[in-house]
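Here the structure is laid out as structure tokens; the discussion comes afterwards.
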Amino acid sequence: MLMSNQPRSRLATSDDAKVLAVLAEQTFRDAFSDVNVGEDMEAYVRDAFSIDGVLDELADGANMFLLVFLGAAEKPIGYAKMRTGSTAAAVKGSAPIELQRLYLDDDAIGQGIGAMLMGECLEHAQSNGHQTVWLGVWENNARALSFYRRWGFEVVGEHVFQLGADSQRDLIMMRPVSSVLTE
């Protein structure tokens, strides 16, 4: 019997804290270690991806995490985090929700899995009454900027993302939830 390698997703629970913390740190390092100072990376990941920190995020009702898996695999290859309750000043759309993180294992990039995950995030936003999705993305992350633009996100402002001692410029992007849900 052949096993399907189709991606599938599910909501993360507190039982997923350790695997989510490991995946979040690994995918963040894969995305940014080559273009940032090591000390700044270490300071950021130590705080952002500790198991206790991830447990706190999972317990906070303002957060929603989706994990994505290939086929019957038990180890996730990517995840997304959406958050309600705080909005960048540049976001003018109504009933906003932030797409705070969307990361994939390097081997999963370019296989349509990010698109599947984005589609599920937009469906979550729509089914929960949100009319606007917004995000912050590093100005030097060309791949992510291209991906978000394909999904109809437009730059509406900027804010500072603190990576250790390095103050970086993130672009604030947003789109209406009601527009087409595919790229």
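If only one of Arg101, Arg83 is modelled with pLDDT of 95 or more, open to solvent by 40 Å² or more (accessible area, probe 1.4 Å) and basic (Lys, Arg), which one is it? I'd like the intermediate steps shown before the answer.
Values: Arg101 fails: open to solvent by 40 Å² or more (accessible area, probe 1.4 Å).
One residue alone meets the criteria, Arg83.
Residues that are under 18 Å from Tyr103 (Cβ atoms) and assigned to a loop (DSSP other than H, G, I, E, B) within the range 149-175 comprise Trp151, Phe153, listed in sequence order.
Give the residue, chosen from Ser146, Ser178, Ser94, that is over 21 Å from Ala24 (Cα atoms) and part of a helix (DSSP H, G or I). First the steps, then the outcome.
Values: Ser178 fails: part of a helix (DSSP H, G or I); Ser94 fails: part of a helix (DSSP H, G or I).
Unique residue meeting the criteria: Ser146.
In the condition set (1) open to solvent by 30 Å² or more (accessible area, probe 1.4 Å); (2) of a type in the set (Asp, Glu); (3) at pLDDT 95 or above, Asp16 is compliant with all but (1). Is at least one residue of the range 27-46 surrounded by 16 or more Cβ atoms within 10 Å (Cβ to Cβ), touching a residue at least 12 places away in the same chain (Cβ under 8 Å) and among the small types (Gly, Ala, Ser)? Yes. Within the range 48-65, is even one residue in contact (Cβ under 8 Å) with a residue 60 or more places away in the chain, surrounded by fewer than 19 Cβ atoms within 10 Å (Cβ to Cβ) and outside any strand (DSSP E or B)? The answer is no; no qualifying residue exists. Residues of the range 111-160 that are closer than 15 Å to Met173 by Cα, among the small types (Gly, Ala, Ser) and in contact with a strand residue (DSSP E or B) (Cβ under 6 Å, 6 or more places away or on another chain): Gly136, Ala144, Gly152, Gly157. Taking the conditions exactly as written (buried (at least 17 other Cβ atoms within 10 Å of the Cβ) and on the phi > 0 side of the Ramachandran plot), does Gly129 satisfy them or not? When the stated conditions are applied, Gly129 does not pass them. Assigned to a strand (DSSP E or B), of a type in the set (A, V, I, L, M, F, W, C) and either more than 20 Å from Tyr148 (Cα to Cα) or touching a residue at least 12 places away in the same chain (Cβ under 8 Å) (or both): does that describe Leu102? Against the criterion (assigned to a strand (DSSP E or B), of a type in the set (A, V, I, L, M, F, W, C) and either more than 20 Å from Tyr148 (Cα to Cα) or touching a residue at least 12 places away in the same chain (Cβ under 8 Å) (or both)), Leu102 qualifies. Scan the range 145-170 for residues that are under 22 Å from Ala48 (Cβ atoms) and open to solvent by 20 Å² or more (accessible area, probe 1.4 Å) and the total you get is 12.
Step by step: first the residues of the range 149-161, then only those that are in contact with an Asp or Glu (Cβ under 9 Å, 6 or more places away or on another chain) and either free of Cβ contacts under 8 Å to residues at least 24 places away in the same chain or among the small types (Gly, Ala, Ser) (or both), then the one that is nearest to Arg29 (Cα to Cα). Which residue is that? Step through it out loud before you land on a result.
Here is the first cut: in the range 149-161, the ones in contact with an Asp or Glu (Cβ under 9 Å, 6 or more places away or on another chain) are 150-152, 158-161.
Of the ones still in play, those that are also either free of Cβ contacts under 8 Å to residues at least 24 places away in the same chain or among the small types (Gly, Ala, Ser) (or both) are 152, 160.
Details: Gly152: 27, Val160: 19 Å.
By that ranking, first place goes to Val160.
The values are calculated or read from the model by the stated rules, or taken from the named source; none is laboratory data. Quick caveat, the model's predicted, so the values are computed rather than measured. Cβ: placed from backbone, ideal geometry, glycine included. Neighbour counts: every protein chain shown. What goes into the accessible areas is simple: the full protein's heavy atoms, side chains included, and nothing from ligands, DNA or RNA. Shrake-Rupley method; radii C 1.70, N 1.55, O 1.52, S 1.80 Å.
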